[in-house]
Amino acid sequence: MIIIQDILIADGVVKNHFLCNLAACKGACCIEGDSGAPLSEEEVDTLNDIYETVKPYLTPKGIDAIEQQGVSVFYPEPQEIGTPLIDGGPCAFIAYDEKGTALCGIEQAYLDGKVDFKKPISCHLYPIRVLHNEKKGFSALNYDEWDICSAACSLGEQEQLPVYRFLKEAIIRKYGEEFYEELDAAAKYLNK
């Protein structure tokens, strides 16, 4: 365990390897799971603001799910707000490429310059999951090991790319450049 700026970082974040392999998994993390992607209240406001712009990127079933449920849903387990799901399955903000790979419709709109919001930070940080413990006053970055990402783990191992380096852009987006530099220095020291 590492502590950077009062945030606990699980060993898996620096010791495990990861490189997303969409050709192998077909975007399974957007399809599988029991709840939608965790959202902050600010992100809910943003999704409400950009929904009409993002809508053309979404599937008809995704649009139906959002128009019935809203851009966010409260999930009793794990007690958080997240993106809505299509019939309890894929994220409602899902899009597909010509090869049938699941993509984020929000990110596709971002890449096309239509919106300035890339995607929810919880998606951008995946396979890191952030745990906030309000009572104890800390946050922790945990590495979420999931069998659907086995191809990403294998490719990351082959490329010797630690999870935190794969997620450099997302970590900087969430915590800033200084935090990332401290994490990188600590990881290099631990991995000597």
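The values are calculated or read from the model by the stated rules, or taken from the named source; none is laboratory data. Because the structure is a prediction, the values reported are computed rather than measured. We place every Cβ from the backbone using ideal geometry, glycine too, and count neighbours over all the protein chains shown.
Some points to look at:
- From the list Asp49, Asp87, Asp6, the one residue that fits, being in contact with a Phe, Trp or Tyr (Cβ under 8 Å, 6 or more places away or on another chain) and of a type in the set (Asp, Glu), is Asp6.
- Among the criteria (1) outside any helix (DSSP H, G or I); (2) closer than 17 Å to Ile128 by Cβ, the one Cys29 does not fulfil is (1).
- Which numbered condition Leu183 misses (of (1) in a helix (DSSP H, G or I); (2) at pLDDT 95 or above; (3) loosely packed, with under 15 Cβ neighbours inside 10 Å; (4) not acidic (Asp, Glu)): (3)
- Test for Ile50: is it modelled with pLDDT of 95 or more, of a type in the set (Val, Ile, Thr), in contact with a helix residue (DSSP H, G or I) (Cβ under 7 Å, 6 or more places away or on another chain) and not in a loop (DSSP other than H, G, I, E, B): no
- When the test is whether a residue is crowded, with 17+ Cβ neighbours inside 10 Å, among the aliphatic types (A, V, I, L, M), on the phi < 0 side of the Ramachandran plot and in a helix (DSSP H, G or I), Leu19 does not pass it.
- Scanning the range 35-45 for residues that are assigned to a helix (DSSP H, G or I) and under 24 Å from Gly89 (Cβ atoms) turns up Glu43, Val44.
- Looking across the range 61-89, the residues that are within 26 Å of His132 (Cβ to Cβ) and either assigned to a loop (DSSP other than H, G, I, E, B) or touching a Lys or Arg at 6+ places or on another chain (Cβ under 7 Å) (or both) come down to Gly70, Val71, Ser72, Pro76, Glu77, Pro78, Gln79, Thr83, Pro84, Gly88.
- The residues of the range 144-175 that are closer than 19 Å to Lys15 by Cβ, under 12 Å from the mean Cα position of the chain (by Cα) and surrounded by fewer than 20 Cβ atoms within 10 Å (Cβ to Cβ) amount to a single one, Asp144.
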